[in-house]
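S.K.: Handing you this structure, nothing more for now.
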Amino acid sequence: MSNEILVKDSLRLAHIQRLCDIREPYNLSSETEKIFNIALREAIDWHSCNCEFYKNFLILNNFFVEDYQLDKIAETLPFLHANFFKTHEVLSVPKSEIVLTLTSSGTTGQKSQMFFDDWSIKSSRRMVDFIFDYFEFITPNNEVNYFLFAYEPLENFNVGTTNTNVYLTSYAPAKNIFFALRNTGVGKHEFDIFGSIEKIKEYSEEGLPVRFTGFPAFMYFTLKRMEDFGISSLNLNPESLVIFGGGWKGYADQAIPKVELYNMINRQLGIPLERIRQTFGSVEHSIPYLECENHNLHVPIWSKVFVRDVKTLEILDYHQQGYLNFVTPYITSVPAISVLMGDIGELYPSDECSCGISTPFFNITGRAGISHNKSCAISAAELLKGK
């Protein structure tokens, strides 16, 4: 688990510190709600004072935080669209304090860039720690083999998904780590489907738990090819774990329903359904969302999620589809505290899930529009086409 970390200004950002120090990711209460709301007010003040663009952005949108009740700030705060970060670099700290830059795309397409100071990247990673600890996925005494349906790292390749997948290998000691998207040695990657099949067979024979992470499309294409070859029922160690991230995006026309993919993994690899989970995240909003045992994406207390009408952008009630709007006060390096995504989703009350988590949950139902802008998942999917 991560060590204690401190905000840049302990007086101005005291409630951001308090919020991010809460170890129980779903401990929603009137007290944690109050801490969140005050922290968001601190974040607005921080970015307004340290980023000329953001100060003018709020003025242009006639937003003055003192005009709103504390519990109404999150829903009324003007948002930036995720695409904004494809063409703009705006910072709320000196560039010399940026310790990590991550991009949202792979080898092609427009890239969103997100800049992290020490507090922001360590806070984001600590949230992942807290969530994995909550679900009891941190096992420092149990060695595992890792299988990453993700880009093999190479120099100056700062894709956010690779950063995340590599970080997830810290939760159990690794005997071996295999990347399905192999570094070709010339600054590119290729999907090694035959090597992937052989590695899964090798891991099966070894008997250690296997932790799979990365793009679901590559898991599906690997299992489908194994099925074509008559390779099935490998029965991996039941303590194995699947954590998907990145979505299907570029292969949406071939995507199968989530429940079908999960059943396929369970049938062919023997991994229990409750140990197959999907994540949601982005470099523009680096709060981690991980499915519960019922495969719902609950909102941790460090963020709020709103669904907005695709035409009016007004906030919708539960069970209505619209753009997902994510709000969090934690990030101090960039004014990405309210971001509107291109993802379409629905929000549900906590009592519609039986897992016991007391926060609302959301599901992704699609993605808006057709664009030449390509995310990391789209770029990865192109490897399947030989591009």
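S.K.: Mind counting the residues in region 210-235 that are among the aliphatic types (A, V, I, L, M) and in contact (Cβ under 8 Å) with a residue 60 or more places away in the chain?
M.R.: Counting residues in region 210-235 that are among the aliphatic types (A, V, I, L, M) and in contact (Cβ under 8 Å) with a residue 60 or more places away in the chain gives 3.
S.K.: Please go through region 294-335 and give me each residue that is under 14 Å from F79 (Cα atoms) and either among the aromatic types (F, W, Y) or not in a loop (DSSP other than H, G, I, E, B) (or both), ordered by number.
M.R.: K304, V305, F306, V307, R308, I315, Y323, L324, N325, F326, V327
S.K.: Suppose we keep only residues that are among the hydroxyl-bearing types (S, T, Y) and modelled with pLDDT under 95 within region 140-164. Which one would you say is most open to solvent (accessible area, probe 1.4 Å)?
M.R.: Selected residue: T164.
S.K.: Now for a separate question. Working only within region 244-255, note down all residues that are under 19 Å from the mean Cα position of the chain (by Cα), at negative phi and assigned to a loop (DSSP other than H, G, I, E, B).
M.R.: G245, W248
S.K.: Is it fair to say L261 is open to solvent by less than 40 Å² (accessible area, probe 1.4 Å), part of a helix (DSSP H, G or I) and closer than 21 Å to F135 by Cβ?
M.R.: yes
S.K.: Here's a follow-up. Only one of these is more than 26 Å from V128 (Cβ to Cβ) and touching a Leu at 6+ places or on another chain (Cβ under 8 Å): F64, F36, F53, F79. Name it.
M.R.: After applying the criteria, what remains is F64.
S.K.: Given the conditions (1) assigned to a helix (DSSP H, G or I); (2) modelled with pLDDT of 95 or more; (3) among the hydrophobic types (A, V, I, L, M, F, W, C), report the number of the one that F137 does not fulfil.
M.R.: So the condition that F137 fails would be (1).
S.K.: Would you be able to tell me the number of residues in region 197-243 that are open to solvent by less than 20 Å² (accessible area, probe 1.4 Å), within 28 Å of the chain's Cα centre (by Cα) and closer than 23 Å to V259 by Cβ?
M.R.: Total meeting the criteria: 18.
S.K.: Hey, can you tell me all the residues within region 345-368 that are farther than 13 Å from V305 by Cβ and in a strand (DSSP E or B)?
M.R.: T365, G366, R367, listed by residue number.
S.K.: Going through region 302-328 one residue at a time, which ones are charged (D, E, K, R) and either under 18 Å from the mean Cα position of the chain (by Cα) or open to solvent by 40 Å² or more (accessible area, probe 1.4 Å) (or both)?
M.R.: If the condition is that a residue be charged (D, E, K, R) and either under 18 Å from the mean Cα position of the chain (by Cα) or open to solvent by 40 Å² or more (accessible area, probe 1.4 Å) (or both), then K304, D309, K311, E314, D317 are the ones that fit.
S.K.: Also: Could you please find all residues in region 71-99 being at pLDDT below 95 and β-branched (V, I, T)?
M.R.: T87
S.K.: In region 8-26, is there at least one residue being of a type in the set (S, T, Y) and within 20 Å of V305 (Cβ to Cβ)?
M.R.: Within region 8-26, one or more residues are of a type in the set (S, T, Y) and within 20 Å of V305 (Cβ to Cβ).
S.K.: Still on this structure, please answer the following. Cβ-Cβ below 7 Å, separation at least six or inter-chain, first residue in region 77-93 and under 18 Å from L60 (Cα atoms) and open to solvent by less than 30 Å² (accessible area, probe 1.4 Å), second polar (S, T, N, Q) and not in a strand (DSSP E or B): which pairs?
M.R.: The qualifying pairs are P78/N61.
S.K.: Among the residues of region 329-355 satisfying the criterion of being over 19 Å from P288 (Cβ atoms) and among the small types (G, A, S), which is least open to solvent (accessible area, probe 1.4 Å)?
M.R.: Within region 329-355, the match that is least open to solvent (accessible area, probe 1.4 Å) is G342.
S.K.: So, one more: Consider region 52-63. How many of its residues are touching a residue at least 24 places away in the same chain (Cβ under 8 Å) and surrounded by fewer than 18 Cβ atoms within 10 Å (Cβ to Cβ)?
M.R.: Summing the residues that are touching a residue at least 24 places away in the same chain (Cβ under 8 Å) and surrounded by fewer than 18 Cβ atoms within 10 Å (Cβ to Cβ) in region 52-63 gives 1.
S.K.: A follow-up question, please. Could we say that S96 is open to solvent by 50 Å² or more (accessible area, probe 1.4 Å) and hydroxyl-bearing (S, T, Y) here?
M.R.: So S96 fits the description; yes.
S.K.: Within region 180-196, track down each residue that is over 14 Å from M219 (Cα atoms) and open to solvent by less than 70 Å² (accessible area, probe 1.4 Å).
M.R.: The answer is N183, T184, G185, G187, H189.
The values are calculated or read from the model by the stated rules, or taken from the named source; none is laboratory data. Source: prediction; values computed, not measured. Quick reminder, even Gly has a Cβ in these numbers, built from the backbone with ideal geometry, and neighbours come from all protein chains shown. For accessibility, only protein heavy atoms count, side chains too; no ligands or nucleic acids. Shrake-Rupley method; radii C 1.70, N 1.55, O 1.52, S 1.80 Å.
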